[in-house]
Amino acid sequence: MKRDFSKISVKQLKNIAKAAGIVFLLAFFYVCFEIYIPINPGSHETAIYTVQKGWGDDEIARDLEKLGIIRSNYFFRLYVVASLQHSSLKAGEYNLSPKMSIYQIAKKMAAGDIIKDTVVVLEGWDAKDIGKYLEAKGICKQNYFISLTKKDYAGDFSFLKDKPKDEGLEGYLFPDTYQISKGETCEDILSLMLDNFDKKLTPELNKEIANQKKSIFDIVTMASIIEKEVRKMDEKEIVSGILWKRISIGMPLQLDSTVNFITDGNDPSVSIKATKIDSPYNTYKYHGLPKGPISNPGLGSILSAIYPKKTNYWFWLSDGITHFSETLQQHNIAKAKYLD
């Protein structure tokens, strides 16, 4: 027997609508509870959770439920699909806790907010220094990192195209603080440093270098020397002016920093014997720039190499404070006064 719905009263329709509304609200609040309320809001436990490469929301959801981090894998999958994040969950290690909701966990994974390690590359370090540091952090062996710097990356980075083929990446490993994820390799870190160099050497700087009829390699080599010689920006600009001026008249650079690069030393005043070493990096023996960069310069030194300051100075020395001189006689007097 069919029921005649036309005879349902307005009051009954209101009651049905009211009941449906209540059911909808209860369902809505239940979904919100599952998605936005953690399984244990008062928990102080944390766990390192790894999302494997190739995993989708289904594998992640089941694993999180199994580990007791979320209540229901169904609602995790429902939320990431509804919020269009199901294809955005990134692999890696995450710090998770039962006090985190499905919403918070999904947001963290979609943003790729993985556990990071800090790698600090200091201005003036050479490739050996960087390799030693990475080995101390347990990322890779020093010798392996050095071997990577000898490979040819000119096909990946245009700023390397004027670099001589027999030269490595010394000078281009941009000093900075890098945030890396656990498991990243020396290859990854090397790429980060080269990418950073590429960003710092803007089109405007490239244009200026070309206008000066200099190569990027020459600028980086000069900057690597400046980085080892002086620390303050105004002094870098003055030293840059002195060095380019010496090169222009065929005067030897005579820099202890380039000799120290040969000997792996750190002597502020190298021996007479050391200045006789037969090496293309020895600026006492050979005129012009050394064979290649002797360190990895920061942006300040690179800018100083591009924009030298013109002065009447030809010499400088440092005893903690940099003293500039216009003549060799003044320089010798300064040496006797401040160094002897």
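Read-outs: derived from the displayed coordinates by stated rules, not from any lab. What you see is a predicted model; the values in this text were computed from it and never measured. No Cβ is skipped: glycine too gets one built from the backbone with ideal geometry, and neighbour counts run over all protein chains shown.
Straight-distance candidates among the aspartates and glutamates for linking to K337, with alpha-carbon spacing under 12 Å and chain neighbours fewer than 8 residues away dropped: D319.
If r is the Cβ-Cβ distance from Q329 to D117 and R0 is 51 Å, what FRET efficiency results, to the nearest 0.05? For Q329 and D117, the calculated efficiency is 0.40.
Relative to the dominant Cα principal axis of the chain, helix 73-82 is inclined by about 70°. Modelled spin-label separation between D319 and V10, with each label point placed 7 Å from Cα along the Cα-to-Cβ direction: 10.4 nm. Segment T50..D152, full-extension length gain: 33.3 nm, with 0.36 nm per residue of separation and the alpha-carbon distance subtracted. Note on Q104 and D162: the extension gain reaches 16.0 nm, defined as 0.36 nm multiplied by sequence separation minus the Cα-Cα distance.
With a Cα cut-off of under 22 Å and a minimum spacing of 8 residues unless on different chains, the lysine pairs in the range 14-111 number 13. Given in Å, the Rg to one decimal and the Dmax to the nearest whole number for the Cα atoms of the range 127-309 are 16.4, 52. With the simple model of a label 7 Å out from the Cα in the direction of the Cβ, E208 to D340 spans 4.1 nm.
The helix-based estimate of mean residue ellipticity at 222 nm for the chain, built from -39,500 (n - 2.57) per DSSP H run of four or more residues and divided by its residue count, is -14000 deg cm²/dmol to the nearest 500.
Taking only the C-alpha atoms of the chain, the Rg (one decimal) and the largest Cα-Cα distance, Dmax (whole number), read 31.8, 121 Å.
Each label point was placed 7 Å from the Cα along the Cα-to-Cβ direction; for D58 and K200 their separation is 4.7 nm. Using the Cβ of K182 as centre and a radius below 12 Å, the other residues enclosed give a net charge of -2, where K and R count +1 and D and E count -1.
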